[in-house]
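Take a look at the structure set out below.
Derivation of every value follows stated rules applied to the coordinates shown; laboratory data play no part. As the structure is a prediction and not an experimental result, all values here were calculated from the model. Here the Cβ is made from the backbone with ideal geometry for all residues, glycine too, and neighbour counts use every protein chain on show.
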Amino acid sequence: MKTLPTRCLITTCLTTVCLFTILAAPSRAGESGETMTTKTTTQPTSQPAAEINVAVEKTSEGDLTLQPINRSSVRFEFKGKQYYVDPSGEADWDRMPKADIIFVTHEHGDHLDLAVIRTITKKDTVVYTSAASLKKVQESQAKEEEAKSAPKLPKFGLIQVGETKEFGDITVSAMPAYNVSEERKNFHPKSRQDNGYVLTFGDKRVYVAGDTEETPEMKALKDIDIAFLPCDPRYTMSVKEAAEAARTLQPKIFYPYHQGPSDPNEVKDLLKDEKNIEVRVFPLP
């Protein structure tokens with residue numbers, strides 16, 4: 001297994017402080033009902049955007065590059081193709097590789113961001129999402145076309161909870177993502193059928209959970225090599241709950257993401273006795 005590149009590890013403290021200051025936390029409008037954002041900003045960096053928070057893992061079919069970008073967004077590179085999950089919010093999107101395929105978990109603005117999608121797509125990019133999100137996109141596109149207010153969106157396709165599809169060199173399964181606690185159910189109801197994703201790259205299974213708590217379906221997952229689990233106590237899981245979910249999943253590598261006001265280092269501390277789980281912590285605004 002190949003860990004973070006040296007160039008990422010030797011980034012100076014000054015650069016880290018500057019980045020953390022620049023990357024102000026994104027709007028929480030998405031959690032309160034806003035479905036999509038139409039404006040995005042640029043995040044200046046002293047490194048190429050595609051080199052920040054990057055790790056490369058070996059698979060049976062070649063290297064897999066992973067990059068948590070911000071609060072909700074993750075990029076994967078495999079066999080020369082670029083895959084994104086929930087590209088949205090603040091990042092240096094103009095300098096990121098153009099997407100081949102995009103997967104969107106649900107309709108909230110910090111996951112479904114049409115401005116960012118337009119920025120990172122090319123002629124043949126396809127975006128896959130749930131039925132509820134696809135309906136929102138179609139409604140937004142119809143309004144924009146009527147008002148002639150925005151360029152055309154890339155092609156959108158449907159992938160629903162329970163489906164497994166092959167996309168060239170990878171296989172993707174749509175997993176349920178929803179809240180189970182009463183105080184959070186209004187944010188991500190099970191009835192809306194939001195997606196999480198298990199992406200298979202060679203012999204490596206990567207779980208990007210989306211906005212969810214530890215559901216029965218998550219507990220039943222097996223053979224997860226890399227997991228991205230949310231740890232925002234307002235809308236998904238607390239750090240303690242995220243740690244417990246990781247104990248159940250037993251991924252070899254765990255990225256706490258969708259962090260909100262929580263400290264992901266607390267997750268790492270809670271899992272310090274789990275010798276088989278490597279917890280990778282990045283500040284993800």
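How much length is gained on full extension from residue 60 to residue 220, taking 0.36 nm per residue of separation minus their Cα-Cα distance?
Contour length minus the Cα-Cα distance gives 55.1 nm.
Add +1 for every Lys or Arg and -1 for every Asp or Glu among the other residues with Cβ under 13 Å from the Cβ of residue 215, and state the total. Residues near residue 215 contribute -3 overall.
Given charges of +1 on the Cβ of Lys and Arg and -1 on the Cβ of Asp and Glu, with all other atoms neutral, how large is the dipole of region 228-285 about its Cα centre, in debye to the nearest 20?
About 140 debye.
Among 193-205, 153-165, the peptide with the highest mean count of other Cβ atoms within 10 Å heads the list, and the full ranking is 193-205, 153-165. One chain, two ends: residue 281 and residue 182. Fully extended at 0.36 nm per residue, the span grows by 32.7 nm beyond their Cα-Cα distance.
I need the shape label for region 87-221. Rule: rounded when a/c is under 1.5, else prolate if a/b > b/c, else oblate, with a, b, c from the alpha carbon gyration tensor. Judged from the Cα gyration tensor, region 87-221 comes out oblate (a/c at least 1.5, b/c at or above a/b).
Label sites at residue 273 and residue 250, each approximated as a point 7 angstrom past Cα along Cα to Cβ, lie 1.7 nm apart.
A protection proxy built from the mean count of other Cβ atoms within 10 Å ranks the segments 95-101, 182-188, 128-134, most packed first, as 128-134, 95-101, 182-188.
Once backbone amide H atoms are built at 1.01 Å from N, residue 227 has 207, 253, 254, 255 as its partners under 5 Å, excluding neighbours fewer than 5 places away on the same chain. A simple spin-label model places the labels of residue 160 and residue 142 2.0 nm from each other, with each point 7 Å out along Cα-to-Cβ.
Remark: spin-label model distance residue 234-residue 81 equals 3.6 nm, labels positioned 7 Å along the Cα→Cβ axis.
On the beta carbon distance between residue 169 and residue 190, with R0 = 35 Å, the FRET formula returns roughly 0.65. Roughly speaking, what % of Cα-Cα pairs in region 144-285 are separated by over 24 Å, rounded to a whole number? Within region 144-285, distances greater than 24 Å cover 36 percent of Cα pairs. Tally Lys and Arg at +1 and Asp and Glu at -1 over the other residues with C-beta under 11 Å from the C-beta of residue 262: what net charge comes out? Summing Lys/Arg as +1 and Asp/Glu as -1 gives -2.
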